[in-house]
Amino acid sequence: DVGPGATAQAPGKTTNKPAPAFSLQDASGKTVTLAEYKGKVVLLNFWATWCGPCKVEIPWFVEFDRKYKDKGFAVLGVAMDDEGWEAVKPYLQKNNIAYRIAVGNDKVAESYGGVESLPTTFIIDRDGTIAAEHQGLVSKDDYEKEIVRLLDKRADLRGGSADSSLVIARANQP
């Protein structure tokens, strides 16, 4: 049952909505907030230890985190296991997951549109806007193209900002 104003999200759907704020705990007990990642491109992945497609994606995300973290990119995993850290901590250790993981809850899942299936992944731009949403397994190449496009977007803006302001200033002169 879909309520008024709700829309079905296709894989890779661009929403252009602000990413909802949240506060969760990471494996060391520290609070994780999305606000900490402002100014970075973030891959926010809702997953679970029992999820087959999640197990396929996680090594890609480890690679992306390593490859792009110095360029303003971060991966944040939100584990949706009912058993919480009891299931998640051993999984993180066994699989050498280096990016930050928090255990999610229904409130956070609902704030992201009611995460109905796992994995569900949101690509969030540097301004905290959801640039894309993916439900289910998506190709590694598709994720990487989106990440690189958003990382390059900032570089393009920096490179062209001075020229743009000159053009605007000249256009406004009498």
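Checking residue 117 against (1) touching a strand residue (DSSP E or B) at 6+ places or on another chain (Cβ under 6 Å); (2) surrounded by fewer than 20 Cβ atoms within 10 Å (Cβ to Cβ); (3) in contact (Cβ under 8 Å) with a residue 40 or more places away in the chain, which single condition isn't satisfied?
Status for residue 117: all satisfied but (3).
Can you tell me which of (1) more than 15 Å from residue 24 (Cα to Cα); (2) touching a helix residue (DSSP H, G or I) at 6+ places or on another chain (Cβ under 8 Å) is the one residue 66 doesn't meet?
(2)
Please enumerate the residues belonging to the stretch 37-78 that are surrounded by fewer than 20 Cβ atoms within 10 Å (Cβ to Cβ) and under 12 Å from the mean Cα position of the chain (by Cα).
38, 65, 74
Please find, within the stretch 125-145, the residue that is nearest to the chain's Cα centre (by Cα) out of those that are closer than 17 Å to residue 70 by Cα and surrounded by 19 or more Cβ atoms within 10 Å (Cβ to Cβ).
125
Values in this text are rule-based calculations from the coordinates and carry no lab data. Everything numeric here is computed off the predicted structure, so don't read it as measured data. Note: ideal-geometry Cβ built from the backbone for every residue, glycine included; neighbour counts use all protein chains shown.
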